[in-house]
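The values are calculated or read from the model by the stated rules, or taken from the named source; none is laboratory data. As the structure is a computational prediction, the values presented were derived from the model and not from experiment. Cβ placement follows ideal geometry from the backbone for every residue including glycine, while neighbour counts extend to all protein chains displayed.
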Amino acid sequence: MEYQFIHLEFNIMEISNQNKNVIIKINQEEYLHYHEHFDTWVCVCGNYPKSDDGFWQCDINGDHVRPTFGEIPHDLGHCGRCGRFFKLSDQKVLGFNFSPKSWRN
Ligand SMILES: [Zn+2]
């Protein structure tokens, strides 16, 4: 997975390091936006669920979880392009996880 350089200017709430996995929680209002024509949520970086990078279902730290394929509504998503993770029910960005753990392990 490749990441583009992102200029970060955020009010950081918390940086945790879990097994060398750096998770940045931000205290800043950032939201996904809804694209009416394509009927999809779009990340702040422009990525969307059906792109090659996609959105991943994740936990509260942005680590990937086994996809539910809609059986159980899952509220947390991770952007495969910029590393932001967010809550889908209110579209709020919670933070960044640049090296999310995979659910496959
Ligand atoms: Zn993104």
The stretch 78-94, residues that are away from the ligand (no atom under 12 Å from the Cβ) and in contact with a Lys or Arg (Cβ under 8 Å, 6 or more places away or on another chain): L94
Tally, over the stretch 30-62, of residues that are assigned to a loop (DSSP other than H, G, I, E, B), within 14 Å of K87 (Cβ to Cβ) and free of Cβ contacts under 8 Å to residues at least 60 places away in the same chain: 6
Every residue from the stretch 17-29 that is surrounded by 14 or more Cβ atoms within 10 Å (Cβ to Cβ) and either of a type in the set (D, E, K, R) or within 16 Å of the ligand (Cβ to nearest atom) (or both): I23, I24, K25, I26
Counted residues, the stretch 30-83 - those being surrounded by fewer than 19 Cβ atoms within 10 Å (Cβ to Cβ) and basic (K, R): 2
Residue tally, condition of a type in the set (K, R) and not in a loop (DSSP other than H, G, I, E, B), over the stretch 63-103: 3
Selection status of R66, closer than 19 Å to R104 by Cα and basic (K, R): yes
Odd one out for E14, checked against (1) charged (D, E, K, R); (2) part of a loop (DSSP other than H, G, I, E, B); (3) at pLDDT below 90: (2)
